Amino acid sequence: MNVLPSRTEAKAQPVRAPGQATAMIEIDHVSQMFQTSARQDHLALSDISLTIEDGAFVSILGPSGCGKSTLLYIVGGFVSPTQGSARMKGRAITGPGPDRGPVFQEFALFPWKTVLGNVMYGPRQQGVKAAEAEAQCRALIEMVGLKGFEDFYPKELSGGMKQRVALARTLAYHPEVLLMDEPFGALDAHTRTRLQNDLLNIWERDRKTVLFVTHSVEEAVFLSDKVVMMTRSPGRIREIIDIDLPRPRHRSELLLDPRYQKYVVDIERMFDDGPVQGSAL
Amino acid sequence: MTVRAQDLLLGLVPLALVIALWQALVSFGYAPATLLPPPGLVFRRLAQQLTTLTFEQDVAATLFRLFAGFLIAVVLGVTIGIAAAASPLINSAVRPVVRVLAPLPKVALYPALLLLLGFGHGSKITLVTADALFPILLSTYYGASTVEQKLVWSALAAGTPPREVLFKVILPAAAPSILTGCRIGLVISCIVVFLAEMITSTDGLGHVLVTAARTFQAVDMFVPLITISLLGLILNGALGALRSYLLRGFPEV
């Protein structure tokens, strides 16, 4: 159990040319080394540099084991990179904070709290008064489509409902960036589609910056402004593809749109080409 | 019939069989009634004894030692278990001590405890604590060290200060294991308090049993035995109910 991420300070990196004024997250030459159980060094991420603009929906797409979740954990401040650094609004990320809200594939709801209790956790930690937090959270629970389930415990909900609660719990403390780690990966296809639609609807309202990890090409293209493709282990950035599709996006229209289809097919082809050596950046 | 009621009835059947076997041993002359009194006689004497002040005082003494020893074990076990799970430093310090002391038959310490703490409550409470401590400590440690990392991350991201994570996440998340340890600890406490009182005591249920045995009062010998079983049953039921209430959000464990 690690309560705190290790505080090994990242080596000072040469300051890059000032990024765009709208840069929300900057990942700067990040590498991550793990020790395997056999005490061998394993390079999970190799020299990743990436800038995520304010309000962008960016997906990180890659095969399992390419370190894409690790990259998300580094931005979350849960893991310190072995090399390089990550910044949020120009300030170095040294630990988790309510400006970056994670949503995990495993939901990670507090089993001892009800739906309302889970959603209220963040605001209460931020010092919002109980009555005020409750009113806000009830509205939020309604927004994610769970009105009437406020007093249920997570174990009484389906997977899709749990993930809605997890999303509401994170939205409740108003993070500027949503960090979504394969959030719909554990759900069945139908639930997954509905949650994708609902996520887009919610996102259209306030256009938070979203960093979304997935291994589904369709999901990445459907949701994102930008898809960051990663290579197999060690994870490098292979290609960054701008998804130039109109918003708001509607699934029924998009699936018929030849541009959408081309993006999906092109990206899938790139995967089939096998790993590319060296950084594509 | 509800599942619970069915379970309860099913549980009563073997109990009834044990009592029937006991009765049969006496009725068919396998054991002389003077040495193994029939269950009816024992239960009648129990009902009678429960109204006498001296017996009540013995029950009270046993219960006091049991509760005191058990509660100290809970406080110590949970504190040390959580601390060891949270800090590698404390873990390295505690681990060898636990490994050496856990398999030790604690009752072997009792003569020393008697010399150090006397014949009163202190020596017995200490022995109960020593025996109940380890299951509670070990299950707390296990529970706290297997808390899902992402629960902790979720709390930290929501703005929980790292030092509060212990109370806001680790402790509640480890509650199922902790309460399982407590249940084992409680049963052990019942056994050990009785044992200690049997070895050397001036009061308590164990003392009542030994006194009766030494004077060949077979009926009086069985009364404290039944009493401690019933007490154990009631306490275990109470702890089980508390556990169900505290863990109402957790998946069935």
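For this structure, a couple of remarks:
- Qualifying residue in the range B:196-203 (condition: assigned to a helix (DSSP H, G or I), out of contact with any Ser or Thr (no Cβ under 8 Å at 6 or more places or on another chain) and surrounded by 21 or more Cβ atoms within 10 Å (Cβ to Cβ)): no
- For A:Pro258, the conditions (1) at pLDDT 90 or above; (2) closer than 30 Å to A:Val119 by Cβ are fulfilled apart from (2).
- Selection status of A:Glu106, out of contact with any Ser or Thr (no Cβ under 9 Å at 6 or more places or on another chain), more than 14 Å from every other protein chain (Cβ to nearest Cβ) and over 26 Å from A:Glu26 (Cα atoms): no
- Residue match in the range A:239-246 (condition: assigned to a loop (DSSP other than H, G, I, E, B) and at positive phi): no
- Residues of the range B:85-99 that turn out to be within 14 Å of another protein chain (Cβ to nearest Cβ) and out of contact with any Ser or Thr (no Cβ under 6 Å at 6 or more places or on another chain), as a count: 6
- A:Arg169 vs. criteria under 22 Å from A:Ile25 (Cβ atoms) and assigned by TED's automatic domain parsing to the domain that holds A:Ala139: yes
- Criterion (within 14 Å of chain A (Cβ to nearest Cβ) and surrounded by 23 or more Cβ atoms within 10 Å (Cβ to Cβ)) met by exactly one of B:Val152, B:Val147: B:Val152
- Boolean, A:Gly95 is part of a strand (DSSP E or B) and facing another protein chain (nearest Cβ under 9 Å): no
- Some residue of the range A:156-167 being farther than 20 Å from A:Arg247 by Cβ, away from chain B (no Cβ under 14 Å) and in contact with a Cys (Cβ under 8 Å, 6 or more places away or on another chain): no
- Inspection of the range B:151-164 finds no residue satisfying the criterion of being polar (S, T, N, Q), within 26 Å of B:His207 (Cβ to Cβ) and in contact with a helix residue (DSSP H, G or I) (Cβ under 7 Å, 6 or more places away or on another chain).
- Whichever residue in the range B:56-114 is polar (S, T, N, Q) and under 22 Å from B:Thr200 (Cα atoms) and, among such residues, is surrounded by the fewest Cβ atoms within 10 Å (Cβ to Cβ): B:Gln57
- First in the range B:231-253 and more than 14 Å from chain A (Cβ to nearest Cβ), second anywhere and outside any loop (DSSP other than H, G, I, E, B) and of a type in the set (Val, Ile, Thr), Cβ under 8 Å, 6 or more apart: B:Leu231/B:Val59; B:Leu231/B:Thr62; B:Gly232/B:Val187; B:Asn236/B:Val187
- Going through (1) outside the structural domain of A:Thr209 (by TED's automatic domain parsing); (2) farther than 26 Å from A:Gln35 by Cα one by one, A:Met88 falls short only on (1).
Residue by residue, here is whether (1) basic (Lys, Arg); (2) more than 14 Å from chain A (Cβ to nearest Cβ); (3) under 26 Å from the mean Cα position of the chain (by Cα) holds:
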residue	(1), (2), (3)
B:Ile125	no, yes, yes
B:Ile136	no, yes, yes
B:Thr140	no, no, yes
B:Glu164	no, no, no
B:Thr180	no, yes, yes
B:Arg183	yes, yes, yes
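- Taken together, A:Ser69, A:Ser31, A:Ser6, A:Ser80 contain a single residue that is modelled with pLDDT of 90 or more, at negative phi and either more than 18 Å from the chain's Cα centre (by Cα) or not assigned by TED's automatic domain parsing to the domain that holds A:Val210 (or both), which is A:Ser31.
- Taking the criterion of being at the interface with chain B (Cβ under 9 Å from one of its Cβ atoms) and farther than 17 Å from A:Gln136 by Cβ, the residues of the range A:169-185 that qualify are A:Leu179, A:Asp181.
- Residue within the range A:265-274 that is closer than 14 Å to A:Asp47 by Cβ, modelled with pLDDT under 95 and touching a strand residue (DSSP E or B) at 6+ places or on another chain (Cβ under 7 Å) present: no
- Residues in the range A:109-136 that are part of a loop (DSSP other than H, G, I, E, B) and either surrounded by 19 or more Cβ atoms within 10 Å (Cβ to Cβ) or facing chain B (nearest Cβ under 7 Å) (or both): 7 in all.
- Hits in the range B:166-175 - residues which are surrounded by fewer than 21 Cβ atoms within 10 Å (Cβ to Cβ) and more than 8 Å from chain A (Cβ to nearest Cβ): B:Phe167, B:Lys168, B:Leu171
- The lone exception for A:Thr193 - which of (1) over 30 Å from A:Thr22 (Cα atoms); (2) within 14 Å of another protein chain (Cβ to nearest Cβ) it fails: (2)
The values are calculated or read from the model by the stated rules, or taken from the named source; none is laboratory data. The structure displayed is predicted, hence computed values, not measured ones. Counting neighbours? That spans all protein chains shown, and the Cβs are built from the backbone with ideal geometry, glycine included.
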